[in-house]
Amino acid sequence: MRTDDVYLGGLGVHVPETVSVGWAVEQGLYPASAAEEQGLLATAIAGDTPAPEMALQAAQEALKQHGAPLEELGLLLYTDVWHQGPDGWSPHYYLQHHLVGGDLLALEVRQGCNGVFTALELASAYLGEGRDALIVAADNFGTARIDRWRAGPNFILGDGASALVLSRRPGFARLLSVNSVTIPEAEELHRQGEPLFPPGATTGAAVDFVARTDEFVKLTLSKLDLAMIWITMHEKFVQVMKKTLEEAGIEAEQVTRVAFTNLGRQAVEERCVGALGLPMEKSTWEHGRTVGHLGASDQLVALHHLLAAGELGPGDHLLMASLGPGVTASCAVVRIGP
């Protein structure tokens, strides 16, 4: 979807202090072999700070930078991956209560690691004169049902939050295009080996994406079927990135930096930057390897880091991309400057 006159008006993040992979290996929490293979260095850990509280801090920073009256905020989209608080309670209303109040439309977006991209599409269609949107992502994975160090084959889960204000009012950057595509034949990948009922959250079952992936591979009918699913996922991801670049009016070579999900080096290179023919030096992997996979916040935290470090300037283009449960593939292109 090409987006016309959609601007990034404010950006805020909250990333807690990090714990090193070396310490985790010494404690027996993370395999030394994985540390060597993946190249990850550290992950952010929030302790007992609730995800909605981190979201609130990130949102306050974003709104302060935006500077527009809160009355112009008409939409709040809260995206998350992990549990936010008491069952039956809505975290987006916590932000509305403590941040803006009023009668704006507040919704939770459950789209896994790709939640921010979905929120960008929804918010872009909503914007109008004097009608801004706030997108927030937050997670704290420090709970008993998930092991942040071993939950997935090529990532370490990190805690943190990010927030972005979208507006028709010119801001520090412009959203040129955003797209998502689903590979529904791969939906079993993230549930294989577990019943649909009762839900795991009600039984205390641990979340282990490594085990689910292994079970998916084992139960897929044939090696040919499995190969076709992997190929389809890769092809559709490349297609959605190329479509987004085309709608943004640029070629892959014109991309200044690429912010992909914070995974191990090989996954970032093979799935994203290498697939576009770009060098790893254009990726944000060097930063991502120091904070962990922050749920839906990876790309916005990367953008915040690049701006703060002076690694993006007026006229530069950032390609943001992600693969999430669904399986969904998402991409967006942002140009720095009004």
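The values are calculated or read from the model by the stated rules, or taken from the named source; none is laboratory data. As the structure is a prediction and not an experimental result, all values here were calculated from the model. Using ideal geometry, Cβ is built from the backbone for each residue, glycine included, and neighbour counts are taken over all protein chains shown. Please note that ligands, DNA and RNA were not included when accessible areas were found on the heavy atoms of the full protein model with its side chains. Shrake-Rupley method; radii C 1.70, N 1.55, O 1.52, S 1.80 Å.
Structural remarks
- Residue-by-residue Karplus 3J(HN,Hα) for the stretch 167-183, coefficients 6.51, -1.76, 1.60, Hz, glycine and proline x: 7, 7, 6, x, x, 7, 7, 10, 7, 8, 6, 8, 8, 9, 9, 10, 10
- On full extension, the segment bounded by Ala206 and Ala252 gains 12.5 nm, given 0.36 nm per residue less the C-alpha separation.
- Separation of the stretch 79-135 from the stretch 189-228 is 29 Å, based on Cα centroids.
- Cα→Cβ-extended label distance, 7 Å offset, between Gln27 and Glu270, nm: 3.0 nm
- When the charge dipole of the chain is built from unit charges on Cβ atoms (+1 for Lys and Arg, -1 for Asp and Glu) and taken about the Cα centre, the candidate among Leu122, Phe209, Thr232 whose Cα reaches farthest toward its positive end is Thr232.
- Other-chain or far-sequence residues with amide H under 5 Å of Asp139's (modelled H): Gly160
- Extension gain, Asp5-Thr49: 0.36 nm per intervening residue step, less the Cα-Cα distance, totals 12.2 nm.
- Sequentially through the stretch 73-87, phi angles give Karplus couplings (6.51, -1.76, 1.60; θ = phi - 60°) of 7, x, 9, 10, 10, 10, 10, 8, 10, 10, 4, 9, x, x, 4 Hz, Gly and Pro residues having no value and appearing as x.
- Rolling a 1.4 Å probe across all protein chains gives Glu187 an accessible area of roughly 80 Å².
- Residues whose amide H comes within less than 5 Å of that of Gly337, counting only those at least five positions distant or on another chain, are Ala173, Arg174, Gly315 (H built at 1.01 Å from N in the peptide plane).
- 19 Å Cα-Cα reach of Lys242 towards aspartates and glutamates, excluding residues that sit fewer than 8 places from it in its own chain: Asp4, Glu121, Glu251, Glu253, Glu269, Glu270, Asp316
- The chain: DSSP helices with Cα axial extent of at least 30 Å and average Kyte-Doolittle hydropathy no lower than -1.0: 223-248
- Looking at the stretch 65-95, the chymotrypsin sites (Phe, Trp or Tyr not before Pro) that sit in a DSSP loop and have at most 13 other Cβ atoms within 10 Å of their own Cβ are Trp89.
- Probe 1.4 Å, all protein chains present, accessible-area order of Lys218, Lys236, Lys242, largest first: Lys218, Lys242, Lys236
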